[in-house]
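All remarks here apply to the structure that follows.
The values are calculated or read from the model by the stated rules, or taken from the named source; none is laboratory data. All values reported here derive from a predicted model rather than from experimental measurement. Don't worry about glycine lacking a Cβ; one is built from the backbone with ideal geometry, like all the others, and counts go over all protein chains shown.
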Amino acid sequence: MDQRFDVTERFAQGAQYIAGRLRTGGSERIHAVVDPATGEQVYTYRLAGAADVDDAVAAARAAFPVWAGATPGERSDAMHRFAAALGERAGELAYAESLQCGKPIKLSAEFDVPGSVDNTAFFAGAARHLEGKAAAEYSGDHTSYVRREPIGVVGSIAPWNYPLQMAAWKVLPAIAAGNTIVLKPAELTPLTSLMFAQAATEAGIPDGVVNIVTGTGPEAGEHLVGHPGVAMTSFTGSTGVGKRVAELATATVKRLHLELGGKAPFVVFDDADVEAAAHGAVAGALINSGQDCTAATRAYVQRPLYDAFVAAVADLMATVRLGDPFDPHTDLGPLISHAQRDRVAGFVERARGYATVVTGGEAPGGDLAKGAYYRPTLITGAAQDSEIVQSEIFGPVLVVLPFDSDDEGLALANDTPYGLAASAWSRDVYRTNRATREIKAGCVWINDHIPIISEMPHGGMRASGYGKDMSAYSFEEYTQVKHVMFDNTAEARKDWHRTVFGDRQT
C-alpha cells in the first residue's frame, strides 16, 4: 500500500520550505528524523534558525497582497487542485507519516491521509462561503454591512502526533480565508508537512503562501510567535507550552488560537451495551498508540457494569497486535520516541504504588525491543486525585474507576483541568442528553469515541485551550470582522451632531 521513497534524496536540499522551494536551515544544529519502530536514523537535516523564520515571514508578507486579493472562487479553485495533488501522492504521504511517527500503515493510509485530503476539499468549498450579517439599514439612516477579511501572516506551530493532519488543520482555514502562513512542524516529524507544502505549490498556490520552518521551539518557535510581522498565532500542543505561547503572543497583541492537552473521560452508565463500550474504550484509548489529545484515558463505569467492563477491556487489549508499522496486520505501533516510551512507563511504574496494573505495563521484548513500543495497559484501583487519573500521559494507558450515581459520574468526568473531548455511553436518551449538557468539553460523543469530520468543529475549553479547527467555524479564528456603514441622508448636519454642538433641528 505504501509508496516508499528515499527520504534523504527527496529532501536533499533541506527541511525548510520558503517561498516555494526547499532549502537548508541556518542553524548550526543538526537534527535526525528517527524511525521509532527501529531506532534508526532515516534523515538528518540542519534546523531552522531565527534568520530562516525572518525569511519565511518576509515571503509570507510578500505573498499576502496577491493571495488576499484573489477572489474566493480563485482561492477555491487552487485548493481543489491542492486536494487532487494530495490524493495523487496519497501512498507516499502514508509511507512518510508511518516512517517518521511509527503509525501502523493502516492508520496512516485509512485515516490520516484521506482525512487530510477531505479537509482540503472541504476548505476549497468553504472558501466561497464566508458568512456575515445581511446588509441592512439598522440605524434607519445608514446602510451597514459586514466584511470578513484575512488577518495577514499566520505563524502556526504543530505537534508530532498527527503531523499531516495538523499541517492541514493549521494551513487550510488560514489560506482559504486569504491569509498566508508560516508553519513550524515538530522537528521530530517534518516530512509530511514539507510534502504538504510542495503539493500546494504544485497545485498553483503562489510561492510564499505556505511556508515551513523546521526548528526547535525555543529557537524557531518562540521567534515565530514573537515576530512583529506575524498577525496571528495558532498552536497545538501541551497546556504548559501553550501558556508560554500565550505569553509571547500577548506581548505583540496577536490573535491567538490554542488547542492544548486533554484527559478525555469515557462515562459508561449502567444501561449501556457493555460490549460496545469495551470496544469503544479500547479503540479510543489505543488509537495512534494513545498519543491523541482526545484519546479515551479515564473510563468511569457505573458499578453494576464495572467488573464486566474491566474484564472485557482486558480481553480485547490482549488481542491487539504490536508489530512492524508497515505490516498491514499491525494494530499498534511504537510511541514517537524512546524518551516518550520511558515517560509513559514512568507514569505506570509510579501507579503500581497505589493502583493495580491489570494488563500491559511493560515494553515488549524480542524483535520489538529496539523500537519505542509499549504494551496496551489497563489500570484499576486508582484514586480520582492520583497522577495517573489527573495527568495527560499520551500513551496506550486506560484507567478505569467505578461510580454509583449519575451525579457522581458526571462530576468525576469534569474533575480535571481539561475540557477537550469526552464520551457517554447509555441506551437512555435523557441520560445522554444530560451528559452532553453537563460535561465540560468541546466535543461529546454518544456511544462512540474519536470520530471527527471536516464539517464539524474541533477544539476545547478550560485548560484545553480555545478556538476551533476544521469546519466553517474555523473562519472565526482566521478572519477579522469589519463593519462598513454608509450614510443615506446626504445631509451635511446630522441630528446626532447636537451632542457636540448646537440644538436639535426642527
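Worth pointing out:
- Cβ pairs under 9 Å, 6+ apart, first in segment 323-334 and in contact (Cβ under 8 Å) with a residue 60 or more places away in the chain and outside the structural domain of L107 (by TED's automatic domain parsing), second of a type in the set (K, R) and assigned to a loop (DSSP other than H, G, I, E, B): P325/K103; F326/R4; D327/R321; T330/R321; D331/R321; L332/R321; L332/R375; G333/K103
- Neighbours by Cβ (under 7 Å, 6+ apart or cross-chain): first from segment 222-245, closer than 19 Å to T479 by Cα; second of a type in the set (S, T, Y) and not in a helix (DSSP H, G or I): V225/T233; P228/T252; S234/S156
- Inter-residue pairs, beta-carbon under 8 Å, first closer than 15 Å to N211 by Cβ and in the same structural domain as T180 (by TED's automatic domain parsing) and in segment 42-68, second acidic (D, E) and modelled with pLDDT of 95 or more, 6+ apart: A59/D207; A63/D207
- When we screen A32, A37 for residues that are assigned by TED's automatic domain parsing to the domain that holds E187 and either charged (D, E, K, R) or surrounded by 14 or more Cβ atoms within 10 Å (Cβ to Cβ) (or both), the only hit is A37.
- Any chance V358 is of a type in the set (V, I, T), free of Cβ contacts under 8 Å to residues at least 60 places away in the same chain, surrounded by 13 or more Cβ atoms within 10 Å (Cβ to Cβ) and not in a helix (DSSP H, G or I): yes
- Those residues of segment 475-506 which are in contact with a Lys or Arg (Cβ under 8 Å, 6 or more places away or on another chain), at pLDDT below 90 and either among the charged types (D, E, K, R) or buried (at least 17 other Cβ atoms within 10 Å of the Cβ) (or both), in sequence order: F475, E476, D495, R498, R504
- Filter result for the condition that a residue is buried (at least 18 other Cβ atoms within 10 Å of the Cβ), over 18 Å from W425 (Cβ atoms) and not acidic (D, E), over L335, L305: L335
A quick yes/no check of all residues on (1) among the polar types (S, T, N, Q); (2) under 28 Å from E92 (Cβ atoms); (3) at pLDDT below 95:
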| residue | (1), (2), (3) |
| --- | --- |
| N179 | yes, yes, no |
| F196 | no, yes, no |
| A203 | no, yes, no |
| T236 | yes, yes, yes |
| A251 | no, no, yes |
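- Residue within segment 70-90 that is in a helix (DSSP H, G or I), free of Cβ contacts under 8 Å to residues at least 12 places away in the same chain, farther than 21 Å from L188 by Cα and of a type outside the set (D, E, K, R) present: no
- Against the test of being closer than 23 Å to T380 by Cβ and touching an Asp or Glu at 6+ places or on another chain (Cβ under 8 Å), the options G261, G280 yield a single qualifying residue, G280.
- Cβ-Cβ under 8 Å pairs, at least 6 apart or on other chains, segment 140-166 side at positive phi, far side among the aliphatic types (A, V, I, L, M): G152/V230; G152/A231; G152/M232
- Set A84, A48: member being surrounded by fewer than 19 Cβ atoms within 10 Å (Cβ to Cβ) and under 25 Å from the mean Cα position of the chain (by Cα): A84
- Looking at G360, G346, G366, G353, just one residue is at pLDDT below 95 and either of a type in the set (S, T, Y) or in the same structural domain as G284 (by TED's automatic domain parsing) (or both), and that residue is G366.
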